[in-house]
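Colleague: I have a structure I would like to understand better, so I am pasting it below and will then ask my questions one at a time.
The values are calculated or read from the model by the stated rules, or taken from the named source; none is laboratory data. All figures in this text were calculated on a predicted structure; none of them were measured in a lab. A quick note on method: Cβ atoms are made from the backbone with ideal geometry, for glycine too, and the neighbour counts reach across all protein chains shown. The protein model used for the area step is the full one, side chains on, heavy atoms only, and it has no ligands, DNA or RNA in it. Shrake-Rupley method; radii C 1.70, N 1.55, O 1.52, S 1.80 Å.
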Amino acid sequence: MNLEELIAQLNANIFLKEFSFSKNNFTPKGSSELELADHVIWLDDLMIVYQIKERTGGKSSVNSEKIWFEKKILQKAKNQIRDTLLYFKKYEDEIIIPNQRGHIFNMKFNQIKSFIKIIIHLSNKQLPEYYKNKKYYISSQEAGFIHIVSGNDYLNICKTLLTPTEISDYFIYRQDLLIKHTHNAEKLPEAAIVGQFLSGEDASFPPSKNFLEYLYRLKKDKDNFSISGILENFYKRIK
(Lines give C-alpha, C1' and ligand atoms only; values in the text may rest on other atoms or scores of the structure.)
Protein backbone atom coordinates (compact mmCIF):
# COMPACT_ATOMS: atom_id res chain seq x y z
CA MET A 1 0.00 0.00 0.00
CA ASN A 2 1.47 3.33 -1.02
CA LEU A 3 1.19 6.72 0.68
CA GLU A 4 -1.70 7.89 -1.49
CA GLU A 5 -3.75 4.81 -0.61
CA LEU A 6 -2.94 5.22 3.08
CA ILE A 7 -4.04 8.85 3.08
CA ALA A 8 -7.28 7.82 1.37
CA GLN A 9 -7.96 5.31 4.15
CA LEU A 10 -6.97 7.71 6.89
CA ASN A 11 -9.19 10.51 5.56
CA ALA A 12 -12.10 8.12 5.01
CA ASN A 13 -11.76 7.10 8.64
CA ILE A 14 -11.76 10.68 9.96
CA PHE A 15 -13.95 12.54 7.49
CA LEU A 16 -16.06 9.47 6.62
CA LYS A 17 -16.27 7.79 3.23
CA GLU A 18 -19.32 9.86 2.32
CA PHE A 19 -17.21 13.03 2.19
CA SER A 20 -13.95 11.56 0.86
CA PHE A 21 -13.05 11.33 -2.83
CA SER A 22 -10.01 9.46 -4.11
CA LYS A 23 -11.07 8.38 -7.64
CA ASN A 24 -10.93 11.80 -9.17
CA ASN A 25 -10.81 11.41 -12.95
CA PHE A 26 -13.57 13.10 -14.94
CA THR A 27 -14.31 13.87 -18.57
CA PRO A 28 -15.93 17.21 -19.39
CA LYS A 29 -17.85 17.70 -22.59
CA GLY A 30 -15.63 18.12 -25.62
CA SER A 31 -12.46 17.33 -23.68
CA SER A 32 -10.22 14.41 -22.86
CA GLU A 33 -10.13 12.86 -19.40
CA LEU A 34 -8.80 15.14 -16.65
CA GLU A 35 -7.77 14.47 -13.08
CA LEU A 36 -8.34 16.43 -9.89
CA ALA A 37 -5.94 16.34 -6.94
CA ASP A 38 -5.09 12.94 -5.44
CA HIS A 39 -7.65 13.28 -2.67
CA VAL A 40 -10.56 15.64 -2.00
CA ILE A 41 -12.66 16.19 1.10
CA TRP A 42 -16.01 17.87 0.46
CA LEU A 43 -18.03 18.56 3.58
CA ASP A 44 -20.83 21.11 3.16
CA ASP A 45 -19.06 24.42 2.39
CA LEU A 46 -15.59 23.07 3.23
CA MET A 47 -13.24 21.57 0.66
CA ILE A 48 -9.76 20.21 1.30
CA VAL A 49 -7.61 19.09 -1.64
CA TYR A 50 -4.52 16.94 -1.18
CA GLN A 51 -1.63 16.27 -3.48
CA ILE A 52 0.51 13.39 -2.24
CA LYS A 53 4.13 12.68 -3.12
CA GLU A 54 6.21 9.74 -1.96
CA ARG A 55 9.92 9.26 -2.57
CA THR A 56 10.53 5.72 -3.74
CA GLY A 57 13.46 3.74 -5.12
CA GLY A 58 16.72 4.89 -6.63
CA LYS A 59 19.97 6.00 -5.05
CA SER A 60 19.61 8.78 -2.54
CA SER A 61 21.89 11.68 -1.72
CA VAL A 62 21.46 15.14 -0.26
CA ASN A 63 21.49 16.64 -3.75
CA SER A 64 19.09 14.10 -5.28
CA GLU A 65 16.63 14.64 -2.41
CA LYS A 66 16.86 18.40 -2.88
CA ILE A 67 16.12 18.04 -6.60
CA TRP A 68 13.25 15.63 -5.90
CA PHE A 69 11.62 18.04 -3.43
CA GLU A 70 11.95 21.04 -5.73
CA LYS A 71 10.55 19.20 -8.75
CA LYS A 72 7.88 17.03 -7.15
CA ILE A 73 6.68 19.28 -4.32
CA LEU A 74 7.41 22.88 -5.24
CA GLN A 75 6.64 22.41 -8.95
CA LYS A 76 4.56 19.37 -9.88
CA ALA A 77 2.36 19.05 -6.77
CA LYS A 78 1.82 22.80 -6.66
CA ASN A 79 0.78 22.82 -10.32
CA GLN A 80 -1.59 19.90 -9.80
CA ILE A 81 -3.37 21.79 -7.02
CA ARG A 82 -3.49 24.89 -9.21
CA ASP A 83 -5.02 22.85 -12.05
CA THR A 84 -7.60 21.36 -9.66
CA LEU A 85 -8.74 24.83 -8.68
CA LEU A 86 -8.92 25.88 -12.33
CA TYR A 87 -10.97 22.77 -13.22
CA PHE A 88 -13.48 23.52 -10.47
CA LYS A 89 -13.96 27.01 -11.83
CA LYS A 90 -13.99 26.06 -15.52
CA TYR A 91 -16.08 22.88 -15.48
CA GLU A 92 -19.01 23.80 -13.27
CA ASP A 93 -21.60 20.95 -13.26
CA GLU A 94 -19.24 18.64 -15.19
CA ILE A 95 -17.09 17.22 -12.40
CA ILE A 96 -18.94 14.04 -11.54
CA ILE A 97 -16.99 11.58 -9.39
CA PRO A 98 -17.68 8.86 -6.78
CA ASN A 99 -17.05 9.21 -3.08
CA GLN A 100 -15.38 6.35 -1.21
CA ARG A 101 -18.81 4.76 -0.66
CA GLY A 102 -19.20 4.56 -4.43
CA HIS A 103 -21.98 7.18 -4.56
CA ILE A 104 -21.73 9.60 -7.49
CA PHE A 105 -21.65 13.35 -6.88
CA ASN A 106 -21.53 16.48 -8.99
CA MET A 107 -18.92 18.66 -7.30
CA LYS A 108 -20.31 22.15 -6.72
CA PHE A 109 -17.40 24.51 -6.21
CA ASN A 110 -19.64 27.60 -6.02
CA GLN A 111 -20.90 26.30 -2.65
CA ILE A 112 -17.44 26.32 -1.11
CA LYS A 113 -16.59 28.99 1.46
CA SER A 114 -13.43 27.44 2.93
CA PHE A 115 -10.85 25.93 0.56
CA ILE A 116 -7.75 24.31 2.08
CA LYS A 117 -4.86 23.04 -0.06
CA ILE A 118 -2.33 20.55 1.31
CA ILE A 119 0.72 18.77 -0.10
CA ILE A 120 1.68 15.70 1.92
CA HIS A 121 5.10 14.20 1.28
CA LEU A 122 7.10 11.20 2.41
CA SER A 123 10.75 11.88 1.72
CA ASN A 124 14.06 10.19 2.54
CA LYS A 125 16.23 10.98 5.54
CA GLN A 126 18.83 12.67 3.33
CA LEU A 127 16.47 15.54 2.54
CA PRO A 128 18.19 18.75 3.76
CA GLU A 129 16.76 20.43 6.85
CA TYR A 130 15.80 23.52 4.87
CA TYR A 131 13.32 21.44 2.86
CA LYS A 132 12.19 19.36 5.83
CA ASN A 133 11.24 22.61 7.55
CA LYS A 134 9.33 23.93 4.54
CA LYS A 135 5.76 24.33 5.76
CA TYR A 136 4.04 26.15 2.92
CA TYR A 137 4.28 27.59 -0.56
CA ILE A 138 2.48 30.59 -1.99
CA SER A 139 1.69 30.33 -5.69
CA SER A 140 1.12 33.52 -7.61
CA GLN A 141 -0.77 31.53 -10.27
CA GLU A 142 -4.27 30.90 -8.91
CA ALA A 143 -3.44 28.39 -6.16
CA GLY A 144 -2.44 30.87 -3.45
CA PHE A 145 -1.38 29.47 -0.07
CA ILE A 146 -0.57 25.74 -0.05
CA HIS A 147 0.28 23.83 3.13
CA ILE A 148 3.28 21.48 2.99
CA VAL A 149 3.21 18.70 5.58
CA SER A 150 5.21 15.51 6.02
CA GLY A 151 3.29 12.26 6.19
CA ASN A 152 4.35 11.74 9.79
CA ASP A 153 3.21 15.24 10.82
CA TYR A 154 -0.15 14.78 9.10
CA LEU A 155 -0.68 11.53 10.96
CA ASN A 156 0.09 13.16 14.29
CA ILE A 157 -2.23 16.09 13.52
CA CYS A 158 -5.02 13.58 12.89
CA LYS A 159 -4.18 11.55 16.00
CA THR A 160 -4.26 14.70 18.14
CA LEU A 161 -7.23 16.62 16.79
CA LEU A 162 -9.41 13.67 15.72
CA THR A 163 -12.49 15.51 14.39
CA PRO A 164 -13.02 17.06 10.93
CA THR A 165 -13.86 20.45 12.45
CA GLU A 166 -10.72 20.56 14.58
CA ILE A 167 -8.52 19.47 11.70
CA SER A 168 -9.92 22.02 9.25
CA ASP A 169 -9.80 24.78 11.90
CA TYR A 170 -6.19 23.86 12.59
CA PHE A 171 -5.12 24.30 8.97
CA ILE A 172 -6.90 27.65 8.78
CA TYR A 173 -5.09 28.70 11.97
CA ARG A 174 -1.79 27.29 10.66
CA GLN A 175 -2.01 29.38 7.49
CA ASP A 176 -2.64 32.55 9.47
CA LEU A 177 0.25 31.83 11.84
CA LEU A 178 2.73 30.91 9.10
CA ILE A 179 2.00 34.06 7.13
CA LYS A 180 2.50 36.21 10.21
CA HIS A 181 5.54 34.38 11.63
CA THR A 182 7.24 32.59 8.75
CA HIS A 183 10.81 32.91 10.03
CA ASN A 184 10.06 31.65 13.54
CA ALA A 185 7.47 29.02 12.64
CA GLU A 186 9.46 27.24 9.96
CA LYS A 187 12.20 26.44 12.50
CA LEU A 188 9.73 24.79 14.87
CA PRO A 189 8.39 21.24 14.86
CA GLU A 190 4.80 20.87 13.67
CA ALA A 191 3.88 19.76 17.19
CA ALA A 192 4.65 23.24 18.55
CA ILE A 193 2.16 24.81 16.13
CA VAL A 194 -0.44 22.20 17.10
CA GLY A 195 0.27 23.04 20.75
CA GLN A 196 -0.26 26.75 20.14
CA PHE A 197 -3.55 26.00 18.39
CA LEU A 198 -4.66 23.89 21.37
CA SER A 199 -3.64 26.63 23.81
CA GLY A 200 -6.24 28.99 22.38
CA GLU A 201 -3.58 31.63 21.79
CA ASP A 202 -4.23 33.90 18.82
CA ALA A 203 -2.18 33.24 15.67
CA SER A 204 -0.71 36.74 15.99
CA PHE A 205 1.21 35.56 19.08
CA PRO A 206 4.81 34.54 18.23
CA PRO A 207 5.20 30.75 18.02
CA SER A 208 7.69 28.91 20.23
CA LYS A 209 8.59 25.47 21.56
CA ASN A 210 6.91 26.42 24.85
CA PHE A 211 3.57 25.47 23.29
CA LEU A 212 4.67 21.83 23.17
CA GLU A 213 3.51 21.64 26.79
CA TYR A 214 -0.13 21.89 25.68
CA LEU A 215 0.36 18.88 23.44
CA TYR A 216 1.95 16.85 26.23
CA ARG A 217 -0.98 17.63 28.53
CA LEU A 218 -3.46 16.52 25.89
CA LYS A 219 -1.56 13.29 25.29
CA LYS A 220 -1.80 12.40 28.98
CA ASP A 221 -5.55 13.08 28.89
CA LYS A 222 -5.94 10.75 25.91
CA ASP A 223 -3.77 7.88 27.20
CA ASN A 224 -6.84 5.86 28.15
CA PHE A 225 -8.30 6.05 24.66
CA SER A 226 -7.20 3.89 21.73
CA ILE A 227 -6.99 5.15 18.17
CA SER A 228 -8.40 3.16 15.28
CA GLY A 229 -6.48 0.42 13.51
CA ILE A 230 -6.00 2.44 10.35
CA LEU A 231 -4.19 5.16 12.30
CA GLU A 232 -1.96 2.57 13.97
CA ASN A 233 -1.15 0.93 10.63
CA PHE A 234 -0.47 4.30 9.02
CA TYR A 235 1.88 5.22 11.85
CA LYS A 236 3.86 2.00 11.41
CA ARG A 237 4.06 2.61 7.65
CA ILE A 238 5.67 6.06 7.83
CA LYS A 239 7.55 5.91 11.14
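Colleague: If you take every DSSP beta bridge whose two residues both sit in segment 96-201, what share of them, in percent to the nearest 5, is antiparallel?
Modeller: DSSP beta bridges in segment 96-201 are roughly 65 percent antiparallel.
Colleague: Here's a follow-up. Counting Lys and Arg as +1 and Asp and Glu as -1, what is the net charge of the other residues whose Cβ lies under 9 Å from the Cβ of residue 52?
Modeller: -2
Colleague: With unit charges on the beta carbons (Lys and Arg positive, Asp and Glu negative) and the dipole taken about the Cα centre of the chain, which residue among 189, 96, 172 sits farthest to the positive side?
Modeller: So the residue we want is 189.
Colleague: Multiply the residue gap between residue 139 and residue 105 by 0.36 nm, knock off their C-alpha separation, and tell me the result in nm, one decimal place.
Modeller: My answer for the length gained is 9.4 nm.
Colleague: Of the options 151, 140, 87, report the single residue whose Cα projects farthest towards the positive end of the charge dipole of the chain (beta-carbon charges: Lys, Arg +1; Asp, Glu -1).
Modeller: Working it through, the farthest residue towards the positive pole turns out to be 151.
Colleague: Heavy atoms of the protein only, probe of 1.4 Å, neighbouring chains included. What is the accessible area of residue 60 in Å², nearest 10?
Modeller: 40
Colleague: Here's another thing I want to ask about it. Dipole magnitude of the chain about its Cα centre, charges +1 at Lys/Arg Cβ and -1 at Asp/Glu Cβ only, in debye to the nearest 20? List each step's numbers first, then the result.
Modeller: Values: 34 positive and 29 negative charges, 160 e Å.
Using Cβ point charges on Lys, Arg, Asp and Glu, the chain gives about 760 debye.
Colleague: I would also like to ask the following. If you split all Cα-Cα distances of the chain into 5 Å bins from zero, what percentages do you get per bin, shortest first?
Modeller: Over the chain, the share of Cα pairs per 5 Å bin runs 1, 6, 13, 17, 19, 18, 13, 8, 3, 1, 0, 0 percent.
Colleague: Pull up the DSSP beta bridges for the chain and report the antiparallel fraction as a percent, rounded to 5.
Modeller: The answer is about 55 percent antiparallel.
Colleague: If you plug each phi of segment 32-38 into the Karplus form 6.51 cos²θ - 1.76 cosθ + 1.60 with θ = phi - 60°, what whole-Hz ³J(HN,Hα) values come out, in order, with x for Gly and Pro?
Modeller: Coupling constants for segment 32-38: 7, 5, 10, 10, 6, 4, 4 Hz.
Colleague: Set Lys and Arg Cβ to +1 and Asp and Glu Cβ to -1, take the dipole of segment 24-131 about its Cα centre, and tell me which of 63, 40, 112 lies farthest positive.
Modeller: 63
Colleague: Ranked from the most accessible area to the least, with a 1.4 Å probe and all protein chains present, what is the order of 54, 213?
Modeller: Largest accessible area first, the residues go 213, 54.
Colleague: What does the charge add up to near residue 189, with Lys and Arg as +1, Asp and Glu as -1, over the other residues with Cβ less than 14 Å from its Cβ?
Modeller: Net of charged neighbours comes to +1.
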